[in-house]
Amino acid sequence: MADHVLAIDQGTTSTRAIVFDATATIVGVAQREHEQIFPRAGWVEHDPVEIWTSTEWVISACLSRAGIEASDIAAVGVTNQRETAIVWDRRTGRPVHNAIVWQDTRTQPRLDEIAAADGAGTFRFAEETGLPLATYFSASKIAWILDHVPGARAAAARGDLLFGTPDTWVVWNLTGGARGGIHVTDVTNASRTLLMDLVTLDWSDDLLEVWGIPRAMMPQVRSSSEVVGTSQLPDVLHGVPIAGILGDQQAAAFGQAAFHAGESKNTYGTGNFLLVNTGTDIVRSDSGLITTVAYRREGEAAHYALEGSIAVTGSLVQWLRDNLGIIQRSEDVETLAATVDDNGGAYFVPAFSGLFAPYWRPDARGALVGLTRYVNKAHIARAALESTAFQTRDVIDAVVADTGRALDELRVDGGMTRDDLLMQFQADILGIPVVRPKVVETTALGAAYAAGLATGVWGDLDELRAHWREDVRFEPRMPDDERERRYRMWRKAVSKSLDWVD
Ligand code: G3P
């Protein structure tokens, strides 16, 4: 019987396929990394063809490992790294340029011009979109491709080019590609482009005009949980409905059952992303958070969220591995950090893409401060881990300032949450319990939930909530004065990173 749901998670460093049974238990997983391309300082690209090839591979590998066939699968849910921009030719299916990844900062000069245009500054479009003008979001990346790929602007004007974030690219290819692929996205992904109006939940003609982006390039905006098309992938997935699309952070919130106002989650991935559901109200931040769509079910009002986006957390561990070589494997960072009792006075601000929330300072640069002859690589590993917890404190303080309410606890998920040392330090530096659920694969789970809800595998949100189980609760143990002393030192380190302007 078709009561399994397949989730495809097209992330920043890898693509994964995970199949869940009707009890939301994982029965098969496959994962493949793709190349991170750094053509210049500040530029980050992916090859969309490699991403699609990996997607096909993980789907087949996952289903064969689980011993599952297309006829066992009720629906597919797609989740993805958000904001990353792909532009391709609708007739050939070939990308006209590599994907420009969300971390890429090449478009800052253009953003500065647009911010200066009528003196309105960085928050010029914040009322309409919930977002500051930042390289993070898709609009300036699409405009860069149209401006720099020879012939692209004319081809876009003729209607030959399509734009999509990775969800759109995957769904278009899954549903037939150049032979009739469906060109769609969902409201959560659309809300990250700087081109969608938060009230109408559709592309804004005014914003498209600001960036010179023809509307014909843009995918149709659908809800997060509805059948948008049928997979045409031969054999393994042929004929299965695609019934859920959510940006990965919104998917993680859905997978953590943060369905209603006041419910939140913090995901520890390449970066960290804290989402607080604000229900059907659009809440504007005065403290450096962004306003985004949390999810929308077909025929219902959208739920919104405040988000604290942090660009670099897990990717700092990769940097310690790949650029400094002080660890062999990412998971070794905890062991190395645990060989010392504290950071030895060192603080590490990983502002590799500038600083996102709550600072929004593209000109900030990484800073490692407080060094003495005493500091060794274990202290640096520890300072790197601690930077994740301190950055999370920055965004949680912003949430408290905006909502006027302290959080009772923090629900966490994502790869880095397996690190007990980090989770304990997180609880210590926040002064509230940190709660890790049994299933930390909440991103894939959220996409599966959205697809399974739309196709009757699950009946309602309460049924999904009943799947959630607490695994470990980390209680804060650090004395208040010590917590505040360390956080004060962190803020000093941040001020050094903000000062580092050419
Ligand atoms: O906004 C960027 C975010 O969606 C990336 O998530 O997990 O791929 O690093 P992740």
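The values are calculated or read from the model by the stated rules, or taken from the named source; none is laboratory data. Since the model is a prediction, treat every value here as computed from it, not as a measurement. Positions of Cβ are generated from backbone atoms using ideal geometry, with glycine treated the same way; all protein chains shown enter the neighbour counts. Only protein heavy atoms, including side chains, enter the accessible area calculation; ligands, DNA and RNA are left aside. Shrake-Rupley method; radii C 1.70, N 1.55, O 1.52, S 1.80 Å.
Numbers for the structure displayed
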| item | result |
| --- | --- |
| For the stretch 78-87, 3J(HN,Hα) per residue [Karplus equation, 6.51 cos²θ - 1.76 cosθ + 1.60, θ = phi - 60°, Hz, x = Gly/Pro] | 10, 9, 6, 4, 8, 6, 4, 9, 10, 10 |
| Accessible area (Å², 1.4 Å probe, nearest 10) - Asp72 | 40 Å² |
| Convex hull volume of the stretch 307-450 per residue (C-alpha atoms, cubic angstrom) | 136 Å³ |
| Quotient of Cα Rg and 2.2 N^0.38 Å for the stretch 1-89, N being how many residues it contains | 1.22 |
| For the chain, fraction of C-alpha pairs farther apart than 42 Å, in % | 13 percent |
| Computed Kirkwood radius, in angstrom, where 1/r is averaged over Cα pairs of the stretch 314-386 | 12.7 Å |
| Simple label model, 7 Å out from Cα along Cβ direction - Glu209 to Ile37, nm | 3.5 nm |
| Inter-site label distance for Gln328 and Asp460 at 7 Å from Cα along Cβ, in nm | 5.4 nm |
| Mean Cβ neighbour count within 10 Å, used as a protection proxy, ranking 366-374, 385-393, 122-130 highest first | 385-393, 122-130, 366-374 |
| The chain: DSSP helices with Cα axial extent of at least 30 Å and average Kyte-Doolittle hydropathy no lower than 0.0 | 377-403 |
| Inter-part distance where the stretch 198-237 and the stretch 323-354 are each reduced to a Cα centre, Å | 40 Å |
| Dipole magnitude of the stretch 19-155, debye to nearest 20 (Cβ charges: Lys/Arg +1, Asp/Glu -1, about Cα centre) | 280 debye |
| Net charge over other residues, Cβ less than 14 angstrom from the Cβ of Trp360 (K, R count +1; D, E count -1) | -3 |
| Angstrom value of the Kirkwood radius, inverse mean 1/r, which spans all Cα pairs in the stretch 290-332 | 13.3 Å |
| Highest average packing first - 463-475, 309-321, 143-155, Cβ atoms within 10 Å | 309-321, 143-155, 463-475 |
| Residue (of Trp88, Leu410, Asn343) at the positive-pole extreme of the chain, dipole from beta-carbon charges | Asn343 |
| Lys/Arg +1, Asp/Glu -1 at C-beta; the chain dipole; positive extreme among Leu464, Val76, Leu274 | Leu274 |
| 3J(HN,Hα) from dihedral phi, the stretch 340-345, Karplus parametrisation 6.51/-1.76/1.60, rounded to Hz, x for glycine, proline | 10, 7, 7, 7, x, x |
| Heavy-atom surface of the stretch 123-262, accessible at 1.4 Å and reported per residue (Å²) | 29 Å² |
| Net charge contributed by nearby residues that have their C-beta within less than 11 Å of Lys438 (K/R +1, D/E -1) | -2 |
| Accessible area of the stretch 253-329 belonging to carbon and sulfur atoms, whole % at 1.4 Å probe | 41 percent |
| Hydrodynamic radius of the stretch 83-200 per Kirkwood, over alpha carbon pairs, in Å | 14.9 Å |
| Shape category assigned to the stretch 134-232 from the gyration tensor of Cα positions, a/c cut at 1.5 | oblate |
| Gap separating the Cα centres of the stretch 1-16 and the stretch 38-86, nearest whole Å | 8 Å |
| Selected from Ala7, Thr129, Ser54, residue furthest toward positive end of dipole (the stretch 1-129; charges at beta carbon) | Ser54 |
| Nearest-10 value in Å² for the accessible area of Tyr347, using the 1.4 Å probe | 20 Å² |
| Packing-based order for 247-256, 196-205, using average beta carbon neighbours within 10 Å, highest first | 247-256, 196-205 |
| Rounded to the nearest 20 debye, dipole of the stretch 290-427 from Cβ charges on Lys, Arg, Asp, Glu | 400 debye |
| Partners for Lys265 among lysines (Cα-Cα distance below 17 Å; same-chain residues under 8 apart left out) | Lys438 |
| Isotropically averaged projected area of the stretch 250-375, using the convex hull of Cα atoms (one quarter of hull area), nm² | 10.0 nm² |
| P(r) weight above 13 Å for the stretch 191-262, C-alpha pairs, percent | 75 percent |
| Rg to Rh, two decimals, where the stretch 188-336 supplies the alpha carbon set and Rh follows Kirkwood | 1.05 |
| Antiparallel DSSP beta bridges within the chain, percent to nearest 5 | 70 percent |
| Stokes-Einstein D for the stretch 399-496, Kirkwood Rh over Cα pairs, 37 °C, 0.692 mPa s (µm²/s) | 207 µm²/s |
| Cα-centre dipole for the chain with unit charges at Cβ (Lys and Arg positive, Asp and Glu negative), debye to 20 | 980 debye |
| Pairwise centroid distance, computed over Cα atoms, of the stretch 143-196 with the stretch 358-422, Å | 35 Å |
| Around Arg90: net Lys/Arg minus Asp/Glu count, Cβ-Cβ under 13 Å | +2 |
